[in-house]
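Colleague: For reference, the structure I am asking about is given below.
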Amino acid sequence: MKKLFVIILLGAAGYFVYQNYIKEKTVLEINANKSVSTSHSMDIDAPALSPTRTGMISGTVKNVSDKPVSNIVLKYKLNGDPVEARINYLNPGETKNFSTQSVRLRYAEVTFYLEEKSYE
């Protein structure tokens, strides 16, 4: 029984040390979504063309730390194409909107993921 108590105590102490000293603290909270637009040819005399589809990523970034953050760069992949958004400065608790540049989409299925985030 004494060994079980020591094992539980060591596990709890290890968890406490990990949560407070080893684990990397969350600095930015990012919420993003894709936006897709389609444009059709409007000339009656022109042959039928497939519509042009463009997409971009937009969302919000919130600084959840207790220190200001600057030079935020969010690099995404949108259907395999690299796009990025930049934010100059965020105070603690501040939220800002962002959007990436628009790219032409080659595929019907639109996928995106956050490839890299950097800040100072």
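The values are calculated or read from the model by the stated rules, or taken from the named source; none is laboratory data. Since the structure is predicted, the reported quantities are computational estimates derived from the model, not experimental observations. Positions of Cβ are generated from backbone atoms using ideal geometry, with glycine treated the same way; all protein chains shown enter the neighbour counts. Ligands, DNA and RNA are excluded from the accessible area calculation, which covers all protein heavy atoms including side chains. Shrake-Rupley method; radii C 1.70, N 1.55, O 1.52, S 1.80 Å.
Colleague: At a Förster distance of 25 Å, what's the computed FRET efficiency of Asn31 paired with Leu10, Cβ-Cβ distance as r, to 0.05?
Modeller: After rounding to 0.05, the efficiency reads 0.05.
Colleague: Eight or more residues apart or on different chains, and alpha-carbon atoms under 22 Å: count the Lys pairs in the chain matching that.
Modeller: So the count works out to 24.
Colleague: A further question follows. Just Tyr18, Tyr89, Tyr76 to compare: in a GNM of the chain, with alpha carbon springs under 10 Å, which one fluctuates most?
Modeller: Result for the chain, Cα springs under 10 Å: Tyr18 fluctuates most.
Colleague: What is the set of long-range amide H partners of Leu105 at a cut-off below 5 Å, with H atoms built 1.01 Å from backbone N?
Modeller: Arg53, Thr54, Gly55
Colleague: Once Lys and Arg get +1 and Asp and Glu get -1 on their Cβ, which of Val64, Val27, Met1 lies farthest toward the positive end of the dipole of the chain?
Modeller: Met1
Colleague: Of the residues Ile87, Ile57, Ile22, which exhibits the maximal mean-square fluctuation in a Gaussian network model of the chain defined by a 10 Å Cα contact cut-off?
Modeller: Ile22
Colleague: What accessible area per residue, rounded to a whole number of Å², is obtained for the chain using a probe radius of 1.4 Å?
Modeller: Details: 8890 Å² over 120 residues.
Value for the chain: 74 Å² per residue.
Colleague: Okay, moving on. If you place +1 on the Cβ of every Lys and Arg and -1 on the Cβ of every Asp and Glu, how big does the dipole about the Cα centre of the chain come out, in debye to the nearest 20?
Modeller: So the magnitude is around 640 debye.
Colleague: Decide, for the stretch 78-120, between rounded, prolate and oblate: order the square roots of the alpha carbon gyration tensor eigenvalues as a ≥ b ≥ c, take rounded if a/c falls under 1.5, and otherwise choose prolate if a/b is larger than b/c, else oblate. It would help to have the intermediate numbers written out before the result.
Modeller: Values: a/c = 2.86, a/b = 2.49, b/c = 1.15.
Taking the square roots of the gyration eigenvalues as a ≥ b ≥ c, the stretch 78-120 is prolate.
Colleague: Whenever you get a sec, compute what percent of the accessible area on the chain sits on carbon and sulfur atoms (1.4 Å probe).
Modeller: Exposed carbon and sulfur together represent 55 percent of the surface.
Colleague: Separate question: What does the charge add up to near Asn91, with Lys and Arg as +1, Asp and Glu as -1, over the other residues with Cβ less than 13 Å from its Cβ?
Modeller: In short, +1.
Colleague: Net charge around Thr100, counting only other residues with Cβ within less than 15 Å of its Cβ (Lys, Arg = +1; Asp, Glu = -1)?
Modeller: Details: positive: Lys34, Lys75, Lys77, Arg86, Lys96, Arg104, Lys117; negative: Asp81, Glu84, Glu115, Glu116.
Neighbour charge sum, excluding Thr100 itself: +3.
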